[in-house]
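This report refers to the structure that appears directly beneath it.
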Amino acid sequence: MRTLDSFPRVSLGVFPTPIHKLENISRLLNTQVFVKRDDLTGLGLGGNKTRKLEFLLADALAKGAELVFTTGGAQSNHAMLTAAAAGRLGLKPILVLKKRGVTACLGNQLLEKLMGTEVRFVDTDDYAEIYAEMDRIGAALGRPYYKIPCGGSNALGSLGYVDCAREIAGQGLAFDHIVCAEGSGGTMAGLALGAKLFLPGTRVHGMMVDTDPFEEITPALMREAAELLELEPEITPEDYRLRDMCGPGYAIPSKAGNAAVALMAAREGLFLDPVYTGKAFAGLLELAEEGAFRPEDKVLFLHSGGAGGLFAGTV
């Protein structure tokens, strides 16, 4: 087995992020609910992409890149954090974003403006077209470049959340369940693989906030990340659970998600976002209502960030 510490990485975050109990939510749901504060990773406004970018941008630097491309929707948290991280490392970020969602100078678009980030919008949902546009821009600029996929969700990026599972294992509590948003696949796949390695007995639930085929994406990323670690674990559907929480569509707020955002804010003073964490927490509430958690269970909710999206005025 190749260890996680053997992979090159750059220091971007403040780790370990804290875990604390949500006392009011726990009483409401009659189970023990905790939160992993990956909204406090220290880069930009925080968020889960910081862990992935430590691996991905180390690879970019090792390959001599000067430009870094990535993509996502107009209010992509991943794109904003990539811009912040690239700038810190002396790389020039160029965001090739889908013209979907709030494109005005609000939320993450405002943060990108403050950083002086070059943003180009494309009117397509076809990632092949988007990555071809990156190649066109890179060739025109004539400088070495590195492409990061949407959400940083490839095998290398997923190692950030294998490492997060290792971090959780060292924080002194054994969890029966972990609940996270699944928007591009890497966070969920990394946690699920990490649970197999470091958190035996923990079931990971991915709350799908997009319509991509995560039934295929999740195990594929798990296997690819395992290959990087020189492992050959048997990946089965028993290793994770998926739940459709997309609602009316990706980046379109849902009634359940918005209610969950309001509940967390009112009961715990924590702010979720309407695209990812709000819908994921709504899924946790549904599981509790269905009786999935016993009173003695310890349930960990991954707060993966996304505060910038709140200020796009979509709740």
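With R₀ set to 30 Å, the beta-carbon distance separating GLU238 from ARG88 gives a calculated FRET efficiency near 0.15.
Each residue of the range 33-46 was assigned a 3J(HN,Hα) from its phi angle through the Karplus expression (A = 6.51, B = -1.76, C = 1.60, θ = phi - 60°), giving 10, 10, 10, 9, 8, 7, 6, 10, 6, x, 9, x, 9, x Hz with x at Gly and Pro. Across the range 49-152, C-alpha contacts under 8 Å between residues 6 or more apart give a mean separation that, scaled by the residue count, equals a relative contact order of 38 percent. Put +1 on the Cβ of every Lys and Arg and -1 on every Asp and Glu Cβ in the range 49-152; which of LEU56, THR70, GLY87 then has its Cα farthest towards the positive end of the dipole? Ranked along the dipole, the leading option is GLY87.
Taking 0.36 nm per residue of separation and subtracting the Cα-Cα distance, full extension of the segment from ALA265 to ALA139 would add 40.7 nm. The distance separating the Cα centre of the range 33-72 from that of the range 169-200 comes to 18 Å. Taking amide H atoms as placed 1.01 Å from N in the peptide plane, the amide H of ASP210 has no partner under 5 Å among residues 5 or more positions away or on other chains.
Karplus-based coupling profile of the range 296-302, in residue order and whole Hz: 7, 5, 10, 10, 9, 9, 7, with θ = phi - 60° in 6.51 cos²θ - 1.76 cosθ + 1.60 and x standing for Gly or Pro. Which residue, LEU242, LEU231, VAL162, has the largest displacement toward the positive end of the dipole of the range 141-251 when charges sit on each Cβ (Lys, Arg +1; Asp, Glu -1)? Value: VAL162. The region of the chain that goes longest without hitting one of the GluC sites (Glu not before Pro) in a DSSP loop, each with at most 10 other Cβ atoms within 10 Å, is 1-229. Please enumerate, by chain and number, the lysines with C-alpha under 26 Å from the C-alpha of LYS98, excluding those fewer than 8 residues away in the same chain. Filter leaves LYS49, LYS52, LYS113, LYS147, LYS255, LYS279. Sites count as exposed loop sites when they are trypsin sites (Lys or Arg not before Pro), lie in a DSSP loop, and have at most 15 other Cβ atoms within 10 angstrom; the longest stretch of the chain without one is 100-315. Between the helical axis of 186-198 and the longest alpha-carbon principal axis of the chain there is an angle of about 50 degrees.
Calculate how many DSSP beta bridges within the chain are antiparallel, expressed in % of all such bridges and rounded to the nearest 5.
Values: 4 of 36 bridges.
The antiparallel proportion sits near 10 percent.
Around the amide H of ARG203, modelled in the peptide plane, lie the amide H atoms of HIS177, ILE178, all under 5 Å away and 5 or more residues distant in sequence or on another chain.
Between helix 49-62 and the chain there is an angle of about 30 degrees, using the helix long axis and the longest principal axis of the Cα atoms. Taking the Cα atoms only, what angle lies between the long axis of helix 127-141 and the longest principal axis of the chain, rounded to 10 degrees? Around 40 degrees separate the two axes.
State the extension gain, in nm to one decimal, for the chain segment bounded by ASP297 and LEU114, taking 0.36 nm per residue of separation less the distance between their alpha-carbons. Walk me through the intermediate numbers first.
Details: separation 183, 0.36 × 183 = 65.88 nm, distance 4.36 nm.
Additional length available on full extension: 61.5 nm.
Toward the positive end of the charge dipole of the chain, with +1 on the Cβ of Lys and Arg and -1 on the Cβ of Asp and Glu, the farthest Cα among ILE137, LEU284, GLY190 is that of ILE137. Our summary gives the chain a relative contact order of 22 percent, counting only alpha carbon pairs under 8 angstrom and 6 or more residues apart. A straight chain from SER11 to ASN24 at 0.36 nm per residue would run longer than the Cα-Cα distance by 1.2 nm.
Near the amide H of LEU22, within less than 5 Å, lie the amide hydrogens of VAL33, PHE34, VAL35, all on another chain or at least 5 residues away, with H placed in the peptide plane. Our coupling estimate for the range 263-275, obtained by passing each phi through the Karplus curve with A = 6.51, B = -1.76, C = 1.60 and θ = phi - 60°, is 5, 5, 5, 6, 8, 10, x, 10, 10, 9, 10, x, 9 Hz, Gly and Pro reported as x. In this Cβ point-charge picture (+1 for Lys and Arg, -1 for Asp and Glu), the chain has a dipole of about 940 debye about its Cα centre.
Here's the list of aspartates and glutamates a cross-link from LYS92 could span, going by alpha-carbon distance under 17 Å and ignoring same-chain residues fewer than 8 apart: GLU54, ASP59, GLU66, GLU112, GLU118, GLU133, ASP135.
Values quoted throughout were computed directly from the atomic coordinates according to the rules given, and no laboratory measurement underlies them. Keep in mind it's a predicted model, so treat the numbers as computed, not measured. Every residue, glycine among them, receives a Cβ derived from its backbone with ideal geometry; neighbour counts consider all protein chains shown.
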